[in-house]
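Below is one structure, written out as structure tokens; comments come after it.
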Amino acid sequence: MVIIVIGYDGELFRKVMDPRTSKGREYKLEYILTFALLAIMSGAQNYKEIYLFIMSHYEKLKSFFQVEMSSLSDPFGDLEDSNPR
């Protein structure tokens with residue numbers, strides 16, 4: 001994975017209003033949107049492929065963006081064994 005967003009810290013996406021309830025805000029929206037954008041730029045075409053991209057690059061993304069995140073749960077069931085298309 002090549003990250004072309006050198007030094008980006010989610011500033012652009014901090015301006016997006018977060019519609020989630022406090023219960024659903026385990027992760028900051030700016031990082032979810034940043035990671036999703038990177039996935040789409042890498043060829044992800046749906047939410048399952050976005051999730052799989054984030055999971056496969058999770059440690060690198062956490063380290064590069066200095067994100068405090070626990071491990072991600074699988075919101076779709078057993079995605080690692082499914083075909084995302």
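The values are calculated or read from the model by the stated rules, or taken from the named source; none is laboratory data. Quick caveat: nothing in here was measured; it's all calculated off a predicted structure. No Cβ is skipped: glycine too gets one built from the backbone with ideal geometry, and neighbour counts run over all protein chains shown.
Restrict the check to segment 8-27 and report whether at least one residue is surrounded by 11 or more Cβ atoms within 10 Å (Cβ to Cβ), polar (S, T, N, Q), at pLDDT 75 or above and not in a loop (DSSP other than H, G, I, E, B).
no
Of Y51, Y27, Y31, which residue is aromatic (F, W, Y) and more than 14 Å from V67 (Cβ to Cβ)? Explain how you work it out, then say what you get.
On the way: Y27 fails: more than 14 Å from V67 (Cβ to Cβ); Y31 fails: more than 14 Å from V67 (Cβ to Cβ).
The unique qualifying residue is Y51.
Looking at segment 42-53, is at least one residue modelled with pLDDT of 80 or more, of a type in the set (S, T, Y) and buried (at least 16 other Cβ atoms within 10 Å of the Cβ)?
Taking every residue of segment 42-53 in turn, at least one turns out to be modelled with pLDDT of 80 or more, of a type in the set (S, T, Y) and buried (at least 16 other Cβ atoms within 10 Å of the Cβ).
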